[in-house]
Structure formats: C-alpha cells, structure tokens
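**Student:** First the structure, which I've put down as structure tokens, then a few questions once you've had a look.
The values are calculated or read from the model by the stated rules, or taken from the named source; none is laboratory data. Predicted model only: the values in this text are computed from it and were never measured. Positions of Cβ are backbone-derived with ideal geometry, glycine not excepted, and every protein chain shown enters the neighbour counts. The accessibility values were calculated without ligands, DNA or RNA, using every heavy atom of the protein model including side chains. Shrake-Rupley method; radii C 1.70, N 1.55, O 1.52, S 1.80 Å.
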Amino acid sequence: MRQEIIKKAADFLQTELRKTVGFTDRTERMVEYRIEHSFRVAGIAREIAKAEGFDEERMYVAALLHDIGYTVQYESAKDASRHGKVGAEIARPFFKELGYNDSEVEEMCYGIAIHVDDTSDFSGTRTPFALTVGDADNIDRFDTYRIYEGLHFMNFKELPLAEQIAFADKTIDKLKRFREYPYGTKTADKMWHEKIDFQLEFFNRLKNQLESSIADI
Ligand SMILES: [Fe+2]
Ligand SMILES: [Fe+2]
C-alpha cells in the first residue's frame, strides 16, 4: 500500500465528513463515529483482500470511502438509503485523481453503490472485490459495538422483563437468518459467521439469564 494514497483518501474522508457537523441529526460525535467506522471497514476489507489475493491498497481505499455519500444531507432514514449511489458519484472523480484506471474505478464505485441495498443506478458486475465493500461494512456493523448501541438506542434497560425476553428471542431468530446471508468471498463468510456466532451466544445467554429472573415454582 502506498502511504501517500492512503493519506490522501483518509484526508478526503475526514475533511468532507467533518463539513457535515450540524446537519439535521448530525452531531460531532456521530460524524467522528462514521469516520472511525470507515477506518475499521477499510481494515476488514484489507484483511479480506490479503487472504483473497485482491489489490490491498485499492480495496482499502474503496472501503474507506464506502460511506462518503453521508456528506450529503438526507431528509429521512429512507432517503439516506441512497447514500451508496450518491457515494459512488462523489468517489468516482476522486478515485480517478488517485490514478486508478477506468475499470478499477468502476469496480470500486460499484461496490460503494451496492453496499446499502444491493442496488445501483448504473451497470456493473458483482465481482468478489465489489462485494467485499458491503461485506466488510456488515462485518463491522455486527461486532460488539452494535450490541451496545442497539440496546442503548431502544432503551432496553427500561423495558419490562417480558419485553426484554421477547426482544432477545426476536434478535436470536433474526441473527439465525442473517447467518445464512451469502458473502462475496470465503474469507468474509468466515469472518461474518464468527461475528454472528458471538452475537448469538450473547443474546442466548441474555435470554437465559432473563428467563431465570422469576420464582422457580
Ligand atoms: Fe453505508
Ligand atoms: Fe458503513
């Protein structure tokens, strides 16, 4: 990996995202979280690239900018689901500026475009490289931080016991379905299963603990 390229991409990401502090529902901490998440996703994508024999630098750069579409103000969560397609448009001239050729740029942009909902507004090929952008994003989103964030967001500690148990149950079912999600590479598949299995163990233990909270009669 060429350090000057990584630095340019990191600077671009940080500079552009930090301009969005003050957007509706966009605190400084949320923006910093987005940057931190982007560096983690780039690191995961690089690990996959290394194991699968992809160009590590190009993979790192594509994954680092996967959420660059968040430099635009969205009206709602539904509207924000455009951020993959918007991100591809923002990233395309920047990737060209870094010196990648047209087919390399298109593969990177396609990966960014489809990482949200597997759709794109331009044609492209679902290569293992392109799929790795979204795979790495999901692998980070299903790590430990998300467990905390999810429980905090829904104010889990204030829920009545029965609702807490029902939530744990629903989450276990959801995770079992997610576990079967087909990933772009064997390496990502292995990493994904490791994350999901950890979450399954957490929520199974949580459910067991909560279920033992009433009189044994
Ligand atoms: Fe995203
Ligand atoms: Fe993301």
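**Student:** Taking the Cα-to-Cβ direction at ILE35 and at LYS78 and moving 7 Å from each Cα, how far apart do the two end points lie in nm?
**Tutor:** Result: 3.3 nm between the two label points.
**Student:** Shifting gears a bit: With a 1.4 Å probe and all protein chains kept in place, how much accessible area does PHE122 have, in Å² rounded to the nearest 10?
**Tutor:** Solvent-accessible area, nearest 10 Å²: 40 Å².
**Student:** What's the local net charge at GLU107, with K and R +1, D and E -1, over the other residues with C-beta under 12 Å away?
**Tutor:** -1
**Student:** What figure, in Å² to the nearest 10, do you get for the accessible area of VAL31 with a 1.4 Å probe and non-protein molecules left out?
**Tutor:** In the full protein context, VAL31 sits at about 0 Å².
**Student:** Per residue of region 161-172, in order, report the coupling 6.51 cos²θ - 1.76 cosθ + 1.60 (Karplus, θ = phi - 60°) as ³J(HN,Hα) in whole Hz, putting x for Gly and Pro.
**Tutor:** Listing the rounded values in order: 3, 4, 6, 5, 5, 4, 5, 4, 4, 4, 5, 4 Hz.
**Student:** What is the sum of charges, Lys and Arg at +1 and Asp and Glu at -1, for the other residues whose Cβ falls under 15 Å from the Cβ of THR125?
**Tutor:** Around THR125, the charge tally is -4.
**Student:** Counting only protein chains, not ligands or nucleic acids, how are SER123, SER76 ordered by accessible area (probe 1.4 Å), most first?
**Tutor:** In descending accessible area the options line up as SER123, SER76.
**Student:** Would you mind finding the longest exposed-site-free stretch of the chain, with exposed GluC sites (Glu not before Pro) meaning DSSP loop and at most 13 other Cβ atoms within 10 Å?
**Tutor:** 76-179
**Student:** When only the heavy atoms of the protein chains count and the probe is 1.4 Å, how do LEU131, LEU65 rank by accessible area, highest first?
**Tutor:** Putting LEU131, LEU65 in descending order of accessible area: LEU131, LEU65.
**Student:** Greater than 31 Å separation of Cα atoms is the criterion. Which listed pairs, LYS170/LYS190; LYS78/LYS157; LYS85/LYS190; LYS96/LYS174, meet it?
**Tutor:** Going by Cα-Cα distance, LYS96/LYS174 fall outside the 31 Å limit.
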